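The next block holds one structure in the form of structure tokens; read it before the comments.
The values are calculated or read from the model by the stated rules, or taken from the named source; none is laboratory data. All values derive from a computational prediction rather than experimental measurement. So basically every Cβ, Gly included, is an ideal-geometry build from the backbone, and we count neighbours across all protein chains shown. For the accessible areas, the whole protein counts, side chains as well, though only heavy atoms, and no ligand, DNA or RNA atoms are used. Shrake-Rupley method; radii C 1.70, N 1.55, O 1.52, S 1.80 Å.
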Amino acid sequence: MGLAKRIIPCLDVDNGRVVKGVNFVDIRDAGDPVEIAARYNREGADELTFLDITASSDNRETIVHVVEAVASEVFIPLTVGGGIRKLEDIRRMLNAGADKVSINTAAVFNPELVREASGYFGSQCIVVAIDAKRVSQEGEPLRWEVFTHGGRKTSGIDAIEWAERMANYGAGELLVTSMDRDGTKIGFDLALTKAITDRVNIPLIASGGVGNLQHLADGVLRGGADAVLAASIFHFGEYTVTEAKQFMAEQGIEMRLS
Amino acid sequence: MLKIVVIDYNMGNLFSVRKAVEHVAPPASKIEVSSDPKVIMAADRIVFPGQGAARDCIQELQARGLNEVVREVALTKPFLGVCMGMQVLLEHSTENGGVDCLGIFQGEVKHFNEVYRERLKTPQMGWNEIYHTQENHPLWTGIADGARFYFVHSYHAVLKDKALASGETEYGIRYPSALAKDNIFAIQAHPEKSAADGLKLLENFMNWRP
């Protein structure tokens, strides 16, 4: 026995409130981050990720309060992503109780940020989020490029090379989202996660496309992921985290079960 | 009134540690996060956290004149080292080209890949089991043998005297993930991030009478 694979529910936060339906029967306020985080903790979530989707920069401070409130009550690792652009943003999140920050677009435009941040705060708290999309044609060897701005713009950078470079720059973990699969519920792009995890020696979180529990298990068993991230299957009450962990354990995956 | 001090030496954020300690401390406790030697010396119990690199930890302790203070309280008060706060208690770390540490436990801190040659992802990040090797240590009360704690680290302790390992964990190799002697308990994992079992360990520390 040894290190367990992780399940990470991801919550979108807009102006300090969790959005996109969280259907728990025992929750009074579906938008309250603390209540939702506590619920996922009770179900056995191994970590939580908050993605700040607040559009107005005036309201950016709200995510700091969310992190503080959650970290005061829920004692599992917390990652915050969305709008992290400079060292000062990272410091604010860590001081508020986040364990890791995830850097996405800013890493593409300023890769040195990853090097500086990991040097300054330690690799353990720097997650680089990679939004990757297949660009190879039918019959060609598979190739993915890194997209930015929520998957709308290509950077022209090869996703596998980028993953390697970010690991060399000191990223402690990679959050790899398939933009082809995101929202489709047909499963992770396993070829993508496998291609990265074969080349890069830091933990990888697979994301994008989960529609059922087999998809989560496949992310680990076939995609080589160390952790799996999902949003809608948990938020809309299709499955609990407890069920997901039980299912994965039955497939022979080492999980933290309580 | 129980005075608990979390030692602040600029190595990582202490928000979560403080909140977790507050969560389990007896109602009449006073919890302070401090780098002031006077405050630290006056405490009843010490929590010594840390994250980041060994060299930086030692430099920050030196810059604040805290080396001797930490050595002193580690020998005289209930003392809990967490993560880097455990590693710097050993004699030496191979991190950053080699760093001399506080030498409270005999032994060294090495990278996983120095010891285990096969491909192993570092940092080890996530929930791993701790097997109790000092089964009756009061800090394990109510915590199952093999319970999972949250770990994030690339370096691990190598003890000279294996009897001082209070818990062991497997990641490529089996290594000491908790150390204990006299009034000192130190753990590589993050109890403040290890859900119910982590809080239980912190609570046990509050009640510990070494």
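With the contact rule set at Cα under 8 Å and sequence spacing of 6 or more, what percent relative contact order holds for chain A? Walk me through the numbers before you get to the answer.
Numbers: 539 pairs, mean separation 48.9, N = 258.
Relative contact order comes out at 19 percent.
At a probe radius of 1.4 Å, figure out the A/B buried accessible area, summed over both chains, and give it in Å² to the nearest 100.
2700
For B:Leu2, what charge total do you get from the other residues with a beta carbon under 9 Å from its beta carbon, if Lys and Arg give +1 and Asp and Glu give -1?
+2
Taking the Cβ of A:Gly44 as the centre, find all other residues whose Cβ is under 9 Å away and add up their charges (Lys, Arg: +1; Asp, Glu: -1).
+1
Quick one: which of A:Lys5/A:Lys100; A:Lys133/A:Lys185; A:Lys185/A:Lys245; B:Lys30/B:Lys181; A:Lys194/B:Lys121; A:Lys100/B:Lys19 span more than 24 angstrom between C-alpha atoms?
Values: A:Lys5/A:Lys100 18 Å; A:Lys133/A:Lys185 16 Å; A:Lys185/A:Lys245 19 Å; B:Lys30/B:Lys181 26 Å; A:Lys194/B:Lys121 14 Å; A:Lys100/B:Lys19 17 Å.
Table pairs above 24 Å Cα-Cα are B:Lys30/B:Lys181.
Using alpha carbons only, how many angstrom separate the centre of the stretch B:137-202 from the centre of the stretch A:201-250?
About 28 Å separates the Cα centre of the stretch B:137-202 from the one of the stretch A:201-250.
Kindly tabulate the residues in the stretch A:1-33 with an accessible-area decrease of at least 30 Å² between the chain alone and the assembly of all protein chains, using a probe of 1.4 Å.
A:Met1, A:Gly2, A:Leu3, A:Arg6
Taking H placed 1.01 Å from N in the peptide plane, check which residues at least 5 places from A:Ile84 or on another chain put their amide H under 5 Å from its amide H.
A:Asn104
Where Lys and Arg each count +1 and Asp and Glu each count -1, what net charge lies around B:Ile58 among other residues with Cβ under 15 Å from its Cβ?
-4
Tell me, what is the 1.4 Å probe accessible area of A:His149, in Å² to the nearest 10?
60
Which value, in Å² and to the nearest 10, is the accessible area of A:Asp226 when all protein chains are kept and the probe is 1.4 Å?
30
Show me the three semi-axes of the equivalent ellipsoid for chain A, from the C-alpha gyration tensor (sqrt of 5 times each eigenvalue), largest first, rounded to whole Å. Intermediate results must be reported in sequence, preceding the final value.
Working: eigenvalues 129, 108, 58 Å².
Taking √(5λ) for each Cα gyration eigenvalue gives 25, 23, 17 Å.
Could you give the accessible area per residue of chain A, probe 1.4 Å, as a whole number in Å²?
Accessible surface, normalised per residue, equals 39 Å².
Roughly how many percent of the accessible protein surface of the protein assembly as shown is carbon and sulfur, given a 1.4 Å probe and a whole-percent answer?
Using a 1.4 Å probe with all protein chains present, the protein assembly as shown comes out at 47 percent carbon and sulfur.
Can you tell me what the convex hull of the Cα atoms of the stretch A:1-115 projects to on average, as an area in nm²?
8.3
If R0 is 41 Å, what FRET efficiency do you get for B:Asp44 and A:Ile186 from their C-beta distance, rounded to 0.05?
Details: r = 58 Å, r/R0 = 1.40.
Here the calculated transfer efficiency is 0.10.
Hey, can you find the accessible area per residue of the stretch B:3-207 for me, probe 1.4 Å, expressed in square angstrom?
36
Please pull out the direction-averaged projected area of the protein assembly as shown, using the convex hull of its alpha-carbon atoms, in nm² to one decimal place.
If you wrap the Cα atoms of the protein assembly as shown in a convex hull and average its projections, you get 21.3 nm².
Order the following by accessible area, largest value first: B:Thr94, A:Thr154. Probe radius 1.4 Å; ligands, DNA and RNA are ignored.
Putting B:Thr94, A:Thr154 in descending order of accessible area: A:Thr154, B:Thr94.
Once ligands and nucleic acids are excluded and a 1.4 Å probe is used, how much of A:Phe236 is accessible, expressed in Å² to the nearest 10?
100
Top to bottom by accessible area (1.4 Å), largest first, where do A:Glu61, A:Glu250 land? Write down the numbers at each step before the final one.
Working: A:Glu61 85, A:Glu250 135 Å².
Solvent-accessible surface, decreasing: A:Glu250, A:Glu61.
How many nm is it between the label spots at A:Glu243 and A:Glu138, if each spot is 7 Å from the Cα in line with the beta carbon?
3.7
Can you list the residues of the stretch A:173-212 with backbone N under 12 Å from a point 7 Å past the Cα of A:Ser232, pointing along Cα to Cβ?
A:181-187, A:208-212
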